[in-house]
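J.: Mind having a look at this structure? Questions to follow.
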Amino acid sequence: MIQYHEALELIRSYAIIRSTESVELPLARLRVLAEDTYYDSNIPPFNKSAMDGYACRAEDIGKELSILETIYAGSIPAHRIGVNECSKIMTGAVVPEGADCVFMLEDAKLTNDNKVHCTRLESSNNICYEGEDVKKGDMALKKHTLISSRHIPLLAGAGVISPSVFCRPLVSVFATGSELVEPDHKPLPHQIRNSNAYQMISQLDALGINGDYLGIIRDDKKLTEKKISEAFERSDLLLLTGGVSMGDSDFVPDVLMDLDFKIILNRSAIQPGKPIIFARRGKQYCFGLSGNPVSSFIQFELYVKPFIYSLMGHHYQPSVSEAILSKDLKRNKADRLKFVPALLNQKNEAIPLEFHGSAHIDALSDAECLIEMPVGAFEIKKGETIHVRPL
Ligand code: AMP
Ligand code: MG
């Protein structure tokens, strides 16, 4: 059976990066930058006062100074500062020629004849120098950056108001299973509520993608084929759950093959979530995820998310970190990479949550991370260092 990292790289190797488009800057969050971006000017663009105060020559600190003018942010100083002179200056205003220091208003004492002196013997210069943060021509953001709120001010500062980004895929979502009813129905004794579809839609939403929900499909080969065909009339990627393993009503793999899709993956060595279909037809892709909600949640995080980022031109790498295991973990078979939902406390201890198996949606609700139990590890002891993946 193919191991996780190998399977992930295999899936990613099929991702064809989407074309590009321009978006308005406020909408650029969660998009992937399609070009290197450079600053077109220095930041700050001029020597700027960091304080409300008086601009003067540092060597005149403490002396009585004549006030030439008041310089406001956004205005141009009219006077050069000479010996025993100063100008009142506001935060963000241009420091006038001749001045190399701004002393704070709080340290200023005015005299009756419109003079002022600094009550301290020394003052820090309180000037942000031109180009001290950024030089014209410096790179602001690299192509392939996944844009977060932190990056928006950089783009604004570089004058990029409609960044070029990679297009998002159009994604359809449905759930398969004759036992399923929508959450607004009270299930009969033989039925179960469809939680997966909504789970996938919200996982897509976290990536900034508006999933197109196509409903529940009964376990019927013809219907499944019709629905998959319909989905690919409008979408680049289809996510569905259920019907992907070996049962008599697991039609998805056959239907995909009948529709000329090539099945790239039909299982991988993760636990939970071994059965997973990844299929491709040209630039169209389908993930058939496990019916069990915890499995499909984890499969989305492990495979679908990185794949969608790859389509959008970004190489996603989760911030897997180290933590200390709070209690022993044991298992009978160790042929898969196992993920255990867990809490993290302030001492960086990972506390495994009660987890009955892949249908136990409640186990995910408090989970802050997934503990990784590597292939070959039958047991990990309390106090050992482990890897955790944030959720
Ligand atoms: P399957 O992969 O179709 O064999 O389904 C495996 C298990 O997941 C079964 O117990 C299903 O009832 C359950 N299941 C399948 N689809 C969903 C869904 N959309 N929401 C919640 N549970 C599901
Ligand atoms: Mg099913």
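J.: Can you check what the net charge comes to around Arg31, using other residues whose Cβ is under 15 Å from the Cβ of Arg31 (Lys, Arg +1; Asp, Glu -1)?
T.: Result for the local shell: +2.
J.: Given the options Leu204, Leu68, Leu30, which has the most mean-square fluctuation in a GNM of the chain, springs set between C-alpha atoms less than 10 angstrom apart?
T.: Of the options given, Leu68 has the highest mean-square fluctuation.
J.: Another one. Is there a quick way to get the dipole size of the chain? I mean about its Cα centre, with the Cβ of Lys and Arg at +1 and of Asp and Glu at -1; what is the value in debye to the nearest 20?
T.: The calculation lands at about 1040 debye.
J.: What is the log10 of I(q)/I(0) for the stretch 203-263, computed with the Debye formula using one identical point scatterer on each Cα and no solvent, at q = 0.12, 0.14, 0.23, 0.26 Å⁻¹?
T.: Evaluating at q = 0.12, 0.14, 0.23, 0.26 Å⁻¹ gives log10 I(q)/I(0) of -0.31, -0.42, -1.02, -1.20.
J.: Could I ask something else about it? When the expected Rg is taken as 2.2 N^0.38 Å, what fraction or multiple of it is the alpha-carbon Rg of the stretch 350-391?
T.: Normalised Rg, Cα atoms only: 1.22.
J.: Additional query: Step through the residues of the stretch 241-248 one at a time and calculate ³J(HN,Hα) from phi using the Karplus curve (6.51 cos²θ - 1.76 cosθ + 1.60, θ = phi - 60°), rounding each to whole Hz and writing x for Gly and Pro.
T.: Working through the residues one at a time gives 10, x, x, 10, 9, 9, x, 5 Hz.
J.: Then there's this: Counting only protein heavy atoms, what percent of the accessible surface of the stretch 163-280 is carbon or sulfur at a 1.4 Å probe?
T.: 49
J.: Excluding Ile380 itself, what net charge comes from residues whose Cβ is under 11 Å from its Cβ, given Lys and Arg +1 and Asp and Glu -1?
T.: Taking every other residue near Ile380 into account, the sum is +2.
J.: So with the 1.4 Å probe, I'd like the accessible area per residue for the chain, rounded to whole Å².
T.: Per residue, the chain has an accessible area of 50 Å².
J.: In terms of modelled amide H atoms, which long-range or inter-chain residues lie less than 5 Å from the amide H of Gly62?
T.: Sorted by chain and number, the residues that satisfy this are Cys118.
J.: Under 26 Å between alpha carbons, and skipping anything fewer than 8 positions from Lys327 in its own chain: which lysines qualify?
T.: Lys274, Lys338, Lys347, Lys381, Lys382
J.: Let me ask something else. Could you give me the ³J(HN,Hα) list for the stretch 378-386, computed from phi with Karplus coefficients 6.51, -1.76, 1.60 and θ = phi - 60°, whole Hz, x at Gly and Pro?
T.: For the stretch 378-386, the Karplus curve yields 7, 8, 10, 8, 3, x, 6, 7, 10 Hz.
J.: Please give me the summed charge of the neighbours of Ala73: other residues whose Cβ is under 15 Å from its Cβ, Lys and Arg +1, Asp and Glu -1.
T.: 0
J.: List the equivalent ellipsoid semi-axes of the stretch 159-208 in whole Å, largest first, each obtained as the square root of 5λ for an eigenvalue λ of the Cα gyration tensor.
T.: The three semi-axes for the stretch 159-208 are 37, 10, 6 Å.
J.: Go through the stretch 66-83 residue by residue and turn each phi into a ³J(HN,Hα) via Karplus (6.51, -1.76, 1.60, θ = phi - 60°); whole Hz please, and just put x for glycine and proline.
T.: Along the stretch 66-83, the couplings run 7, 9, 7, 6, 10, 9, 9, 4, x, 10, 9, x, 8, 10, 8, 8, x, 4 Hz.
J.: If you don't mind, there's one more thing I want to ask. Rank-order 333-342, 8-17 by packing density, defined as the average count of other C-beta atoms within 10 Å over each peptide's residues, highest first.
T.: 333-342, 8-17
J.: Sticking with this structure for a sec: Taking 10 °C and 1.306 mPa s as the conditions, I'd like the Stokes-Einstein D for the stretch 181-223 in µm²/s, using the Kirkwood hydrodynamic radius from alpha carbon pairs.
T.: The Stokes-Einstein estimate is 133 µm²/s.
J.: Another question about this same structure. May I ask you to give the percent of accessible area on the stretch 1-109 that is carbon plus sulfur, with a probe radius of 1.4 Å?
T.: For the stretch 1-109, the apolar C and S fraction of the accessible surface comes to 50 percent.
J.: Normalised by the empirical 2.2 N^0.38 Å for globular proteins, what value does the Cα Rg of the chain take?
T.: Compactness ratio reported: 1.42.
J.: Let me ask something else about it. Principal axis extents for the stretch 72-149, Cα atoms only, whole Å, descending order, please.
T.: Between the extreme Cα coordinates on each principal axis of the stretch 72-149 lie 61, 24, 20 Å.
J.: Hey, got the Cα dimensions of the stretch 89-192 along the principal axes, in Å, largest first?
T.: 91, 37, 20
J.: Right, next: Translational D (Stokes-Einstein, µm²/s) of the stretch 299-391 at 37 °C and 0.692 mPa s when Rh comes from the Kirkwood sum over C-alpha pairs?
T.: Estimated diffusion coefficient is 234 µm²/s.
J.: For q values of 0.27, 0.28 Å⁻¹, compute log₁₀ I(q)/I(0) with the Debye formula on a Cα-only model of the stretch 293-350, without solvent.
T.: -1.15, -1.16
J.: Restricting things to alpha carbons, tell me how big the stretch 6-68 is in terms of Rg and Dmax, in Å.
T.: For the stretch 6-68, the Cα radius of gyration and maximum Cα-Cα distance read 25.6, 75 Å.
J.: Would you kindly calculate the mean projected area, averaged across all directions, of the convex hull enclosing the Cα atoms of the stretch 14-120, in square nanometres?
T.: Its Cα hull, projected and averaged over all orientations, spans 10.5 nm².
J.: Please compute one quarter of the surface area of the Cα convex hull for the stretch 199-331 and express it in square nanometres.
T.: Directional mean of the projected Cα hull area for the stretch 199-331 stands at 9.6 nm².
J.: Rounded to the nearest 500 deg cm²/dmol, what is the calculated helix-only ellipticity per residue at 222 nm for the chain, with -39500 (n - 2.57) per DSSP H run of length n ≥ 4?
T.: -4500 deg cm²/dmol
J.: Take the cross-link list Lys186/Lys226; Lys186/Lys222; Lys221/Lys333; Lys221/Lys283; Lys142/Lys283 and give me the ones stretching past 31 Å between alpha-carbons.
T.: Going by Cα-Cα distance, Lys221/Lys333 fall outside the 31 Å limit.
The values are calculated or read from the model by the stated rules, or taken from the named source; none is laboratory data. Quantities reported herein were computed from a predicted structural model and do not represent experimental measurements. Don't worry about glycine lacking a Cβ; one is built from the backbone with ideal geometry, like all the others, and counts go over all protein chains shown. These accessible areas exclude ligands, DNA and RNA; they are computed on the full protein's heavy atoms, side chains included. Shrake-Rupley method; radii C 1.70, N 1.55, O 1.52, S 1.80 Å.
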